[in-house]
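To keep things clear, I will list the structure first and then write my remarks on it.
Just so it is clear, none of the values below were taken in a lab; they were calculated from the coordinates. Note that the structure is a prediction, hence the values are computed from the model and not measured. Here Cβ is always computed from backbone atoms with ideal geometry, including for glycine, and neighbour counts include all displayed protein chains.
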Amino acid sequence: MSDGLDDVVAAHTVLSEVDGQAGRLIIRGWPVEQLAGRTAYEDAARLLFDGFFEDLLAGLAGPLGQARAEVFGEVAALDTGLLDRTPIEAMRALTARLGDGDDLATALRLTAAPAVFTAAVVRAQAGQAPVAPDPALGHAADILRMLRGREAAPAEVAALDTYLVTVSDHGLNASTFAARVVASTRAGLTSAILAGISALKGPLHGGAPGPVIDMLDGIGRPENARAWIEAALDRGDRLMGFGHRIYRVRDPRADALKAAVRKLVGQSNVAHGRLEFAEAVEAAALAILKARKPDRSLDTNVEFYTALLLEALAFPPTAFTCVFAMGRVAGWLAHAREQLAGGRLIRPQSVYVGPQPKAAA
Ligand code: ACO
């Protein structure tokens with residue numbers, strides 16, 4: 001038995017393979033490096049959906065645009081109670097308003113939901129009115145437009161597409177497993193996606209990139225990095241953006257995202273020297289982790305450069321996990337359908353270690 005199910009195989013999947021020893025991620029036959037930077041998110045979603053939903057022939061750009069427009073109606077339910085919550089809690093609450101179902105129309109509404117609701121929540125928390133979707137735009141372009149109220153530069157759209165595609169699927173990670181467990185009960189796709197969002201929210205999974213910015217801000221200057229990191233580890237803190245359950249080498253997604261940040265330098269609000277500063281912090285963290293935990297092979301994970309990329313695109317750190325959900329949702333949906341198609345109810349066992357009933361007197 002393993003508390004973290006480390007070596008348990010719980011599904012056969014055609015969707016993605018994570019090779020933790022080689023540092024390799026394959027999504028439906030494509031190395032992630034060949035999809036990232038070359039594929040729009042709607043095309044990556046179509047690749048994941050292929051064989052799991054009907055009527056994908058014309059591509060997803062048009063239907064996904066329509067779905068964004070459809071779900072925008074739910075934004076009216078954003079009240080002050082929800083606005084006091086974190087963006088992911090508010091986004092999840094709006095997503096919960098969508099009806100359950102198992103068809104492509106439901107899947108497209110769920111793909112649109114994190115994008116449309118996050119943009120509306122972020123704007124409302126800043127005292128701004130929501131911006132309605134433009135169904136004619138690509139998904140990434142419309143996300144940035146709904147967030148900012150004006151069109152984004154092509155380089156920024158390309159960077160967001162790179163991010164969304166890079167995180168679109170990743171084997172049986174915690175949120176995908178949660179989505180598959182719910183799908184296996186036949187509760188419906190909305191219920192499965194709500195489980196995925198809830199699992200993603202935790203700081204050990206998708207909640208890490210916001211705290212990466214806190215760490216960079218706390219360190220402030222490259223020369224402070226070693227002392228700050230040593231003090232954090234002495235307190236027993238974990239360094240956000242480092243370590244992974246599966247990868248024993250560098251997460252291949254880290255380099256795809258670092259390349260995307262590098263392309264943005266000089267074109268968006270990447271502060272001068274920010275990338276070099278992050279690289280210096282990364283180098284210090286890796287050296288210290290190697291010295292302190294020589295047997296653990298702790299390396300950079302996807303969240304470290306995610307933080308820089310989403311900061312450059314002007315998402316507030318409090319909403320970074322929501323942007324992760326905007327990308328991962330296609331993977332959750334495909335896994336949910338794959339589970340429904342062939343899988344049985346997921347129902348593991350536990351070993352009871354509590355007290356036995358007292359013998360009757
Ligand atoms: N900083 C410091 N120490 C770490 C870190 C870290 N980031 N990650 C693991 N360790 C240490 C643990 O403290 C533990 O030490 P110990 O054996 O002395 O107690 C050892 O390495 C093994 O840790 P585990 O918890 O067994 O590793 P696990 O595989 O369960 O954890 C996880 C993986 C949760 C990602 C972990 O590395 C972590 O907490 N990282 C920081 C959070 C983070 O970046 N999360 C995003 C992951 S990527 C994603 O989900 C998209």
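When only Cα pairs below 8 angstrom with a gap of at least 6 residues are kept, the chain shows a relative contact order of 25 percent. For the pair GLU33 and GLU151, label points projected 7 Å from Cα toward Cβ lie 3.4 nm apart.
Taking each residue as 0.36 nm, the span from ALA105 to GLN66 lengthens on full extension beyond its C-alpha to C-alpha distance by 13.0 nm. The calculated 222 nm mean residue ellipticity attributable to helices in the chain amounts to -16500 deg cm²/dmol, summing -39500 (n - 2.57) over DSSP H runs of n ≥ 4 and dividing by all residues. Once the Cβ-Cβ distance of GLU54 and ASP214 is raised to the sixth power relative to R0 = 51 Å, the FRET efficiency obtained is 0.70. The length gained by stretching the chain between ALA129 and VAL8 to full extension, at 0.36 nm per residue less their Cα-Cα distance, is 38.9 nm. When Rg and the Kirkwood Rh are both derived from Cα coordinates, the Rg/Rh ratio for segment 167-228 amounts to 1.24.
With 0.36 nm allotted per residue and the present C-alpha distance subtracted, the SER297-ALA77 stretch has 74.6 nm of extension available. Sparse packing (at most 15 other Cβ atoms within 10 Å of the Cβ) combined with a DSSP loop state is found for the following GluC sites (Glu not before Pro) in segment 7-83: GLU54. Sparsely packed loop sites in segment 192-249 (the trypsin sites (Lys or Arg not before Pro) outside DSSP H, G, I, E and B with at most 16 other Cβ atoms within 10 Å) comprise ARG235, ARG238, ARG245, ARG248.
For segment 209-312, the square roots of the Cα gyration tensor eigenvalues, ordered a ≥ b ≥ c, give a/c of at least 1.5 with a/b no greater than b/c, which places it in the oblate category. The simple Förster model, with R0 at 41 Å and r as the Cβ-Cβ distance, assigns SER350 and LYS290 a FRET efficiency of 0.65. Put simply, when 107-120, 183-196 are sorted by average Cβ atoms within 10 angstrom per residue, most first, you get 107-120, 183-196. Which helices, counted as full DSSP H runs in the chain, have an axial Cα extent of no less than 24 Å and a Kyte-Doolittle average of -0.5 or above? Both cut-offs are met by 104-125, 274-292, 320-342.
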